[in-house]
Amino acid sequence: MSIIRNMDLEKVKAEVATVISEVLEAHPQREGSIFVIGCSSSEICGGVIGKNSSEETGKAVFEAAKALLDQKGLYLACQCCEHLNRALIIEESCAIKYNLEPVCVVPWAHGGGSFATAAWHGFKNPVAVEHIKASAGIDIGSTLIGMHLKDVAVPLHPEQKFIGKAYVTAAWCRPKLIGGERARYQ
């Protein structure tokens with residue numbers, strides 16, 4: 001059970017949409033790019049990460065993120081908790097497009113987390129994969145999404161600093177600068 005029993009799920013959805021919108025307005029992403037989200041429903045509800053999972057909260061975050069990212073033509077990648085080695089739940093079409101190898105696991109609230117479980121049940125054809133290289137993402141409650149971002153991640157400090165009671169960080173990725181002193185960049 002959540003620490004905050006009557007968490008306003010519509011408010012959580014609005015906060016998720018605000019943060020994603022801030023990232024995409026500051027750094028628009030190419031259609032078909034991957035946007036990764038790590039989410040602690042426990043932290044959103046005011047609990048301790050991994051100890052107070054809320055399936056309703058995980059579902060609210062998933063629904064808000066998926067609706068907005070679908071509108072933008074972006075793939076959503078939902079990070080599982082450390083019990084599943086931070087695997088990701090994505091649509092099968094994303095795995096096919098990016099040649100990602102599916103792994104056999106089905107998340108549940110206490111093995112993968114509420115957010116990943118909501119993704120498993122909310123996607124049309126969900127698959128789990130171990131690794132991706134997302135172009136942008138948000139981290140709700142310090143779940144450590146960095147391992148799933150492209151090599152040069154640039155932090156972004158959204159004005160909306162919390163979703164529920166969970167602190168939010170964000171990042172977008174840019175191409176590497178290579179070539180040394182003779183190179184020219186756009």
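The values are calculated or read from the model by the stated rules, or taken from the named source; none is laboratory data. Keep in mind that this is a model prediction, so the values were computed, not measured. Cβ placement follows ideal geometry from the backbone for every residue including glycine, while neighbour counts extend to all protein chains displayed. When the accessible area is computed, the model is the full protein with side chains, heavy atoms only, and any ligands, DNA or RNA have been set aside. Shrake-Rupley method; radii C 1.70, N 1.55, O 1.52, S 1.80 Å.
Things to note:
- Selection within the range 39-58 - open to solvent by less than 40 Å² (accessible area, probe 1.4 Å) and either among the aliphatic types (A, V, I, L, M) or farther than 24 Å from C81 by Cα (or both): I44
- Search result, residues across the range 137-154 that are farther than 19 Å from K66 by Cα and either more than 15 Å from the chain's Cα centre (by Cα) or among the hydrophobic types (A, V, I, L, M, F, W, C) (or both): L144, M147, D151, V152, A153, V154
- Criterion (of a type in the set (A, V, I, L, M, F, W, C) and under 17 Å from T117 (Cα atoms)) met by exactly one of A26, A64: A64
- Residue that is farthest from I44 (Cα to Cα) [pool: residues in the range 140-153 that are without any contact (Cβ under 8 Å) to a residue 60 or more places away in the chain and of a type in the set (A, V, I, L, M, F, W, C)]: V152
- Filter result for the condition that a residue is open to solvent by 10 Å² or more (accessible area, probe 1.4 Å), of a type in the set (K, R) and farther than 22 Å from R174 by Cα, over K133, K150, K66: K66
- Of all residues in the range 95-119, those satisfying the criterion of being open to solvent by 20 Å² or more (accessible area, probe 1.4 Å) and modelled with pLDDT of 95 or more are I96, K97, Y98, N99, L100, E101, P102, V103, C104, V105, V106, W108.
- Yes/no for E92 being over 21 Å from E159 (Cβ atoms), at pLDDT 95 or above, surrounded by fewer than 24 Cβ atoms within 10 Å (Cβ to Cβ) and in contact with a helix residue (DSSP H, G or I) (Cβ under 7 Å, 6 or more places away or on another chain): no
- The listed residue being closer than 23 Å to P155 by Cα, assigned to a strand (DSSP E or B), of a type in the set (V, I, T) and open to solvent by less than 30 Å² (accessible area, probe 1.4 Å), out of V61, V36: V36
- Just one residue in the set G113, G73, G47 is among the small types (G, A, S) and in contact (Cβ under 8 Å) with a residue 60 or more places away in the chain; that residue is G113.
- Inside the range 154-165, residues that are over 17 Å from V36 (Cα atoms), open to solvent by less than 100 Å² (accessible area, probe 1.4 Å) and not polar (S, T, N, Q) make up a count of 3.
- Residues of the range 136-147 classified as in contact with a Phe, Trp or Tyr (Cβ under 8 Å, 6 or more places away or on another chain) and surrounded by fewer than 24 Cβ atoms within 10 Å (Cβ to Cβ), total: 1
- Filter pass, C81 being open to solvent by less than 70 Å² (accessible area, probe 1.4 Å) and either touching a Gly at 6+ places or on another chain (Cβ under 7 Å) or over 23 Å from E31 (Cα atoms) (or both): yes
- Of all residues making up the range 171-185, the number that are farther than 15 Å from D151 by Cα and either under 29 Å from the mean Cα position of the chain (by Cα) or open to solvent by less than 100 Å² (accessible area, probe 1.4 Å) (or both): 3
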